[in-house]
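Here is the structure we will look at, set down as structure tokens.
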Amino acid sequence: MDLTINGSRHNVDLPDDMPLLWALRDGLNITSVKYGCGIAQCGACTVHIDGEAVRSCQVALADVWGEITTIEGLGTPDALHALQAAWIDHQVAQCGYCQSGQIMQAADLLARNPKPTDEDIDAAMSGNLCRCGTYPRIRAAVHSAARAMQEV
Amino acid sequence: MSRLGTYTRRGFLVGSVAVAGGVVFGVRTYNARLENPLTAGLAPGEAALTPYVKITADGITIITPRAEMGQGIHTTLASLVAEELDVELNQIGIEHGPPSSAYFNGGVVEEGYPFPTTDNGAVAEFARAQRDIPAVFLGYQITGGSTSTHDAYVKMRRAGAVARETLKAAAAARTGLPAMQLTTEAGAVVLPDKTRIPYTDLAAEAAATDLADVPELRPRGAWRILGKSQDRLDVVDKTTGRAIYASDIRLPGMRFGALRRSPHLGGSLRGFDASDALEMPGVDAVLDVGTGVVAVARDTWTAMRALDVVSYDWAPPTYPTNTAGHFEAIAAAFNPDQLDSRQRDEGNVEAALANATTIEGEYRAPYLAHATMEPMSAAALMQDGALQIWAGTQGPTVARREAALAAGIPEDSVTISTTLLGGAFGRRGEMDFVQIAARVAVQMQGTPVLLTYPREEDTSRGPYRPAAIGRFRATVADGVPVAVDISTASPSIMAGIDARGGAPAPIPGFLPDFTLAQALWDQPYGIENYRVSGYKSEPLLSVGFWRSVGASQNSFFHECMMDELALAADRDPVEMRLALMTDAPSRAVLEAVAEMAGWGSAPATGRARGVAFALAFGVPTAQIVEIEQTDSGIMVRDVWIAADVGVALDPRNLDAQLISGVNYGLSAAIGEEITLTDSAVDQSNFHDYPVLRMYQAPRIHTRILENQRHIRGIGEPGTPAVAPALANAVFALTGERLRELPLGKNVRFA
């Protein structure tokens with residue numbers, strides 16, 4: 001089976017019904033995509049398929065309908081996405097385990113809604129859990145990134 | 001200065017870690033047990049000037065030997081060394097380093113002392129000065145109890161100063177200039193003519209240099225790094241997907257394991273039939289790991305599915321079958337035979353309550369899961385008699401011992417690599433995932449295996465925060481509480497830890513469990529007749545350390561009681577607490593939070609506020625919670641929190657930790673609860689163990705004060721007071737006194 005991940009083609013020999021999460025983590029060693037719950041309750045495994053945020057624990061390999069983007073495809077330390085720059089500016093991460101998923105979810109939000117209110121952010125981000133309780137800084141970072149992206 | 005005299009090379013190396021608190025008594029005896037764990041791994045021309053500073057031609061590495069579980073400790077520890085070493089944080093690398101008794105934590109010893117942390121008297125201070133001695137003997141390399149900062153505050157700055165002066169001495173020897181004429185800046189020794197010799201260029205000479213004196217530490221006014229907010233050293237990696245947790249370890253040929261243990265917690269496995277599982281494509285093995293079964297497969301998903309088709313024969317449990325039975329057992333502990341501690345007994349409570357009109361209450365707190373975002377995990381490889389383990393552990397030296405015991409090999413055949421931790425909150429001080437990974441590795445010789453706990457295993461098998469009951473009887477006269485008799489009862493954390501193999505050393509059964517009445521007996525209120533008792537129930541479910549430990553339930557009991565007493569006394573709950581407080585820093589945090597929240601003015605219509613105070617882990621903390629009744633239920637709108645840490649090393653990180661502690665406590669107070677039916681835990685994942693989500697997260701306003709005498713840590717102190725402040729706010733809003741956590745059982749939250 002062929003997958004396009006962050007612009008590169010990968011051939012994987014894994015069962016059709018394997019969740020994308022585990023194909024990425026254990027098949028392709030893309031470990032930025034995290035296992036948290038396996039039942040779409042925590043958002044740690046969030047990636048994009050054709051730009052839309054999905055819970056990769058709920059997408060069977062055979063059902064992948066487009067190009068996959070993980071946090072590495074969003075930005076790198078040398079070329080940060082505006083959201084990542086805002087995340088660093090606000091020093092959001094604590095343990096950091098959920099943050100790849102948070103950022104991918106926030107990217108989906110800003111693509112659809114470039115100027116979200118607090119309520120918009122809460123509605124879009126409440127599927128992504130953070131046990132370190134970084135929620136206030138996530139909210140602030142999303143607003144900052146939204147402003148930065150408007151200015152470009 | 002030099003009471004320590006001239007060090008030999010070996011003595012000098014250990015001296016830089018040992019001087020904190022060690023010069024008074026027993027230096028030689030306990031220094032002899034210390035090693036510098038870095039020297040073994042050095043190549044020619046490289047230097048480990050103390051156990052915390054490694055210099056090679058490639059760069060400068062600071063060892064930050066505490067678990068980075070989100071609290072930012074790697075950055076703070078590196079800052080302590082960098083301040084004195086004269087390097088910038090962007091010039092250094094950091095490593096957790098190997099398990100070693102050199103990285104003992106003296107701070108955890110203090111938490112068990114029988115003195116309130118507000119006691120600055122001579123005996124208490126002398127005991128604090130001696131804290132490192134038992135820590136060294138026990139090889140206490142532990143991250144917990146909010147102790148890392150105050151443990152490291154002197155010794156890691158001193159490590160930086162010793163390394164700096166050693167480098168200067170090496171430069172002096174090379175150039176023939178007196179060391180006094182040399183300065184240091186940004187990773188280099190600077191000569192009088194402004195020539196710079198990089199530290200990395202001096203490593204070989206510095207390694208052969210002895211210092212006569214241990215240098216003085218710089219005063220606070222001279223600090224460049226400490227006292228100012230720093231960017232976390234891990235923040236870029238954690239924002240770009242590069243941070244490596246135990247579950248991200250990948251090795252050539254790696255296979256993936258998933259675990260299933262008995263639904264009867266701690267119960268044994270009598271047998272299992274894995275024949276169906278072994279026929280599944282991709283399944284390598286199904287292993288008996290003593291307390292359960294691990295399926296090993298091509299990937300974690302296949303391993304998890306294989307567990308579902310194994311048939312298990314679990315031994316029956318020894319504890320009550322349902323939640324009510326557990327609380328009955330805890331309630332039965334309130335008797336003289338099960339009294340564990342009575343660390344406060346002032347005046348004559350019995351006499352004062354005998355003929356008085358009393359107020360009484362009984363409070364309950366449930367078992368709680370830690371629910372770290374990263375489920376428990378560890379990677380392990382056994383090869384040629386050597387066992388390597390990669391784990392996010394809060395106790396590397398204990399992990400090494402437990403891995404060796406589980407594998408049946410000597411401790412020096414075990415290597416532990418401590419990764420970043422995807423949350424911990426006490427859970428990763430447990431050793432189960434290390435023990436099980438070791439048992440897997442022994443049975444899969446030559447094959448690296450990554451063990452992952454399915455979320456369901458993580459949620460439903462413990463260990464948990466103890467369920468607990470708090471009871472009080474009190475009386476007020478003339479607007480003042482004159483007698484308070486408050487008790488707490490729960491299963492013992494320390495008893496369980498010892499049995500599970502998590503203790504640094506065997507815990508004698510006759511010692512009281514200091515966690516049981518934590519933050520109940522030592523609150524800084526002056527009440528004429530005041531008695532605090534801790535009762536130990538029979539062992540029930542496995543219980544362990546959960547962020548803020550005993551304070552997490554006891555602060556709820558104590559501070560809701562204070563609200564009840566203020567009502568009975570017809571006093572404002574802030575004003576009454578202030579009048580009773582005997583500790584000035586404690587009063588100051590309560591005054592601060594009242595000012596921040598505008599306590600004196602009424603909240604808006606439909607809103608109400610509650611207040612609570614907690615002295616926990618040496619940090620006086622006060623919180624005010626404001627809630628609003630909405631159509632969809634109660635919303636927590638704002639939390640104001642003030643805390644006194646003595647010395648604020650990194651203000652923005654302190655703010656982050658207070659926010660984190662508040663949200664963690666709020667999550668539990670609103671909705672978290674572990675219950676049992678038919679001897680098994682009812683909750684399994686985030687759908688039935690609801691934790692705080694973003695829409696529920698309030699605005700949190702923090703203030704750090706620096707009035708108290710000692711520097712203190714901040715990982716836990718934000719947690720205890722939020723539950724009682726919320727319960728007191730609910731009372732103010734609804735008139736209903738909720739005495740059971742989670743509050744969401746009896747009132748609807750949005």
Quick one: in segment B:70-99, which of the residues that are small (Gly, Ala, Ser) and within 25 Å of B:Ala57 (Cα to Cα) is modelled with the lowest pLDDT?
B:Gly97
For B:Asp299: the one exception among (1) open to solvent by 10 Å² or more (accessible area, probe 1.4 Å); (2) within 14 Å of another protein chain (Cβ to nearest Cβ); (3) under 34 Å from the mean Cα position of the chain (by Cα)
(1)
Which of the residues belonging to segment B:726-741 are farther than 19 Å from B:Thr630 by Cα and either surrounded by 22 or more Cβ atoms within 10 Å (Cβ to Cβ) or of a type in the set (Gly, Ala, Ser) (or both)?
B:Leu741
What's the total number of residues in segment A:8-20 that are crowded, with 20+ Cβ neighbours inside 10 Å and more than 8 Å from chain B (Cβ to nearest Cβ)?
1
Which of the residues belonging to segment A:21-32 are within 8 Å of chain B (Cβ to nearest Cβ) and either in contact (Cβ under 8 Å) with a residue 60 or more places away in the chain or assigned to a loop (DSSP other than H, G, I, E, B) (or both)?
A:Asn29, A:Thr31, A:Ser32
Looking at segment B:635-644, which of the residues that are out of contact with any Pro (no Cβ under 6 Å at 6 or more places or on another chain) and surrounded by 24 or more Cβ atoms within 10 Å (Cβ to Cβ) is farthest from the other protein chains (Cβ to nearest Cβ)?
B:Ala642
Being in the same structural domain as B:Glu716 (by TED's automatic domain parsing) and buried (at least 24 other Cβ atoms within 10 Å of the Cβ): is that true of B:Thr621 here?
yes
Looking only at segment A:104-148, and only at residues there that are under 30 Å from B:Ala369 (Cβ atoms) and either away from chain B (no Cβ under 13 Å) or aromatic (Phe, Trp, Tyr) (or both), the one that is farthest from the chain's Cα centre (by Cα)
A:Tyr135
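Quick test for you: out of B:Ala437, B:Ala477, B:Ala505, pick the one residue that is buried (at least 19 other Cβ atoms within 10 Å of the Cβ), touching a residue at least 12 places away in the same chain (Cβ under 8 Å) and not β-branched (Val, Ile, Thr). Even if it seems obvious, please write down each step before you answer.
Working: B:Ala477 fails: buried (at least 19 other Cβ atoms within 10 Å of the Cβ); B:Ala505 fails: buried (at least 19 other Cβ atoms within 10 Å of the Cβ).
Of the residues listed, the single one that is buried (at least 19 other Cβ atoms within 10 Å of the Cβ), touching a residue at least 12 places away in the same chain (Cβ under 8 Å) and not β-branched (Val, Ile, Thr) is B:Ala437.
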For segment B:709-727, state whether one or more residues are more than 20 Å from B:Leu615 (Cβ to Cβ) and part of a loop (DSSP other than H, G, I, E, B).
no
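For segment B:191-198, state whether one or more residues are at pLDDT below 95 and either of a type in the set (A, V, I, L, M) or closer than 24 Å to B:Arg66 by Cα (or both). I'd like the intermediate steps shown before the answer.
Residues of segment B:191-198 at pLDDT below 95: none.
No: zero hits.
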Within segment A:79-116, can you find the residues that are free of Cβ contacts under 8 Å to residues at least 24 places away in the same chain and surrounded by fewer than 24 Cβ atoms within 10 Å (Cβ to Cβ)?
A:Ala79, A:Leu80, A:Ile88, A:Arg112, A:Asn113
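For segment B:198-243: of the residues being of a type in the set (Lys, Arg) and in contact with a helix residue (DSSP H, G or I) (Cβ under 6 Å, 6 or more places away or on another chain), which is nearest to B:Ala188 (Cα to Cα)?
Within segment B:198-243, the subset of a type in the set (Lys, Arg) is B:218, B:220, B:224, B:228, B:232, B:238, B:242.
In the following step, the residues that additionally are in contact with a helix residue (DSSP H, G or I) (Cβ under 6 Å, 6 or more places away or on another chain) were identified as B:232, B:238.
Details: B:Arg232: 23, B:Lys238: 30 Å.
Of everything passing the filter in segment B:198-243, B:Arg232 is nearest to B:Ala188 (Cα to Cα).
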Criterion: open to solvent by 20 Å² or more (accessible area, probe 1.4 Å), under 13 Å from the mean Cα position of the chain (by Cα) and at the interface with chain B (Cβ under 10 Å from one of its Cβ atoms) - qualifying residue of A:Gly73, A:Gly38, A:Gly51:
A:Gly73
Scan of segment B:419-449 for residues that are outside any loop (DSSP other than H, G, I, E, B), within 20 Å of B:Ala371 (Cα to Cα) and either within 14 Å of another protein chain (Cβ to nearest Cβ) or over 27 Å from the mean Cα position of the chain (by Cα) (or both), ordered by number:
B:Leu420, B:Arg427, B:Arg428
For B:Val593, indicate whether it is in contact with an Asp or Glu (Cβ under 9 Å, 6 or more places away or on another chain), at pLDDT 95 or above, surrounded by 23 or more Cβ atoms within 10 Å (Cβ to Cβ) and of a type in the set (A, V, I, L, M).
no
With (1) closer than 17 Å to A:Cys130 by Cα; (2) touching a residue at least 60 places away in the same chain (Cβ under 8 Å); (3) open to solvent by less than 10 Å² (accessible area, probe 1.4 Å) as the list, and B:Arg699 as the residue in question, which single condition is left unmet?
(3)
Working only within segment B:212-261, note down all residues that are within 18 Å of A:Asp26 (Cβ to Cβ), of a type outside the set (D, E, K, R) and more than 9 Å from every other protein chain (Cβ to nearest Cβ).
B:Ala246, B:Leu251, B:Pro252, B:Gly253, B:Gly257, B:Ala258, B:Leu259
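Condition first: β-branched (Val, Ile, Thr) and over 27 Å from B:Asp273 (Cβ atoms). Now tell me which residues in segment B:310-327 satisfy that. Before the answer, list the steps.
Step one: list which residues in segment B:310-327 are β-branched (Val, Ile, Thr), which gives B:310, B:318, B:321, B:323.
Matches in segment B:310-327: B:Thr323 only.
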From the set of residues in segment B:717-750 that are of a type in the set (S, T, N, Q) and touching a Gly at 6+ places or on another chain (Cβ under 8 Å), which is farthest from B:Val691 (Cα to Cα)?
B:Asn728
Out of everything in segment B:580-595 that is of a type in the set (A, V, I, L, M, F, W, C) and assigned to a helix (DSSP H, G or I), what residue ends up being farthest from B:Asp119 (Cα to Cα)?
B:Ala594
Condition check for A:Gly66: surrounded by fewer than 21 Cβ atoms within 10 Å (Cβ to Cβ) and either under 13 Å from the mean Cα position of the chain (by Cα) or facing chain B (nearest Cβ under 7 Å) (or both)
no
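State all residues of segment B:253-279 that are open to solvent by 50 Å² or more (accessible area, probe 1.4 Å) and without any contact (Cβ under 8 Å) to a residue 40 or more places away in the chain; if no residue qualifies, say none. If you could, list the steps in order and put the result at the bottom.
Keep residues of segment B:253-279 that are open to solvent by 50 Å² or more (accessible area, probe 1.4 Å), which gives B:253, B:255, B:260, B:266, B:268, B:270, B:272-273, B:275-276, B:278-279.
Matches in segment B:253-279: B:Asp273, B:Ser275, B:Asp276, B:Leu278, B:Glu279.
Mind telling me which of the residues A:Gln91, A:Gln84, A:Gln99 ends up being at positive phi and at the interface with chain B (Cβ under 7 Å from one of its Cβ atoms)? Can you show your working first?
Values: A:Gln84 fails: at positive phi; A:Gln99 fails: at positive phi.
Step by step, each of A:Gln91, A:Gln84, A:Gln99 is checked, and only A:Gln91 is at positive phi and at the interface with chain B (Cβ under 7 Å from one of its Cβ atoms).
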Cβ-Cβ distance below 9 Å, separation of 6 or more or different chains: which pairs start in segment B:577-590 with a residue that is under 14 Å from B:Ala612 (Cβ atoms) and end on one that is surrounded by fewer than 20 Cβ atoms within 10 Å (Cβ to Cβ) and among the polar types (S, T, N, Q)?
B:Val589/B:Asn707
Filter segment B:645-656 down to residues that are at the interface with chain A (Cβ under 8 Å from one of its Cβ atoms) and out of contact with any Ser or Thr (no Cβ under 6 Å at 6 or more places or on another chain) and give me whichever is most open to solvent (accessible area, probe 1.4 Å).
B:Asn653
Check segment B:312-323 and report whether any residue there is within 14 Å of chain A (Cβ to nearest Cβ) and either open to solvent by 50 Å² or more (accessible area, probe 1.4 Å) or at pLDDT 95 or above (or both).
no
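The values are calculated or read from the model by the stated rules, or taken from the named source; none is laboratory data. Predicted, not measured: the structure shown is a model, and the values here were computed from it. Here Cβ is always computed from backbone atoms with ideal geometry, including for glycine, and neighbour counts include all displayed protein chains. We work out accessible area using only protein heavy atoms, side chains counted, and drop any ligands, DNA or RNA first. Shrake-Rupley method; radii C 1.70, N 1.55, O 1.52, S 1.80 Å.
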